[in-house]
């Protein structure tokens, strides 16, 4: 996705990037979102949480 580049392109700057922990988000349940198994969950793997802010200037 190149999320950091996408954010920069719209005038945002990265404030923090940290490891994603499911327990930090009560009620979180990932879904496939497409196809016959759209409502099925899947292993999250290595994920990050990003925090962006408006660029100054």
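Are there any pairs with C-beta distances below 6 angstrom linking a residue in region 1-13 that is closer than 9 Å to residue 52 by Cα to a residue that is part of a loop (DSSP other than H, G, I, E, B), with the two at least 6 apart or on different chains, and if so which?
13/55
What about residue 31, is it in a loop (DSSP other than H, G, I, E, B) and either over 15 Å from the mean Cα position of the chain (by Cα) or without any contact (Cβ under 8 Å) to a residue 40 or more places away in the chain (or both)?
Values: in a loop (DSSP other than H, G, I, E, B): yes; either over 15 Å from the mean Cα position of the chain (by Cα) or without any contact (Cβ under 8 Å) to a residue 40 or more places away in the chain (or both): yes.
Taking the combined requirement at face value, the residue satisfies it.
Could you tell me which residue of region 9-28 is surrounded by the most Cβ atoms within 10 Å (Cβ to Cβ), considering only residues that are part of a helix (DSSP H, G or I) and out of contact with any strand residue (DSSP E or B) (no Cβ under 8 Å at 6 or more places or on another chain)?
22
No value in this document is a laboratory result; all are computed from the given coordinates. If you're wondering where the values come from, they're calculated on a predicted model, not measured in any experiment. Positions of Cβ are backbone-derived with ideal geometry, glycine not excepted, and every protein chain shown enters the neighbour counts.
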